[in-house]
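To start, the structure itself, in structure tokens.
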Amino acid sequence: MILITNNPKVNEKIKDVPMSYLEVEYGGVFEEVKRLIIEEKMVLLTHPLSGSIKPNETYYKSVVLKKGLTGAIDIESLDYIDQGIEVYQKFMKNKMRPNWTEKVLEDFAFVDYYLIKDTLTRIPVY
């Protein structure tokens, strides 16, 4: 299992899960997840659009994957991440992200951290 995130709070607080912390925009997390699905044959364990925050509102995203068992590209995971990328691009095209204050950014980081922390307690160990 690996956690892909661009959230500094997740990087700081979660230590018991293998992680790839990226200093990229929200969409960059999706691009890395797609790369892992294709090149490393990984499978999504969390939906890329989990939570109720629109991609053009927050800067932070965390996604969990695991190594696939078949050695083939998981088409369902690829479809989900492609849909996530399309939604991200649509939202960013229609309305760019506001220039949030540091306090609001901390709130978004906390929400993403809380969602992924809670989710990690529910994922069975493989």
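The values are calculated or read from the model by the stated rules, or taken from the named source; none is laboratory data. Source: prediction; values computed, not measured. Using ideal geometry, Cβ is built from the backbone for each residue, glycine included, and neighbour counts are taken over all protein chains shown. All accessible areas refer to the heavy atoms of the entire protein, side chains included, with ligands and DNA or RNA removed. Shrake-Rupley method; radii C 1.70, N 1.55, O 1.52, S 1.80 Å.
Restricting attention to the range 18-77, the residues being open to solvent by 20 Å² or more (accessible area, probe 1.4 Å), among the β-branched types (Val, Ile, Thr) and more than 25 Å from ARG97 (Cβ to Cβ) number 5.
Could you please give the count of residues in the range 106-117 that are within 18 Å of ILE2 (Cβ to Cβ) and not hydrophobic (A, V, I, L, M, F, W, C)?
Final tally of qualifying residues: 3.
So for the range 82-101 (the condition being closer than 25 Å to ASP16 by Cβ, in contact (Cβ under 8 Å) with a residue 40 or more places away in the chain and acidic (Asp, Glu)), does at least one residue qualify? No: zero hits. Per this entry, TYR88 is not counted among residues that are within 24 Å of LEU45 (Cα to Cα), hydroxyl-bearing (Ser, Thr, Tyr) and loosely packed, with under 15 Cβ neighbours inside 10 Å.
Quickly run through the range 109-122 and pick out the residues that are open to solvent by 50 Å² or more (accessible area, probe 1.4 Å) and outside any loop (DSSP other than H, G, I, E, B). Hits for the range 109-122 are PHE110, VAL111, TYR114, LEU115, LYS117, ASP118.
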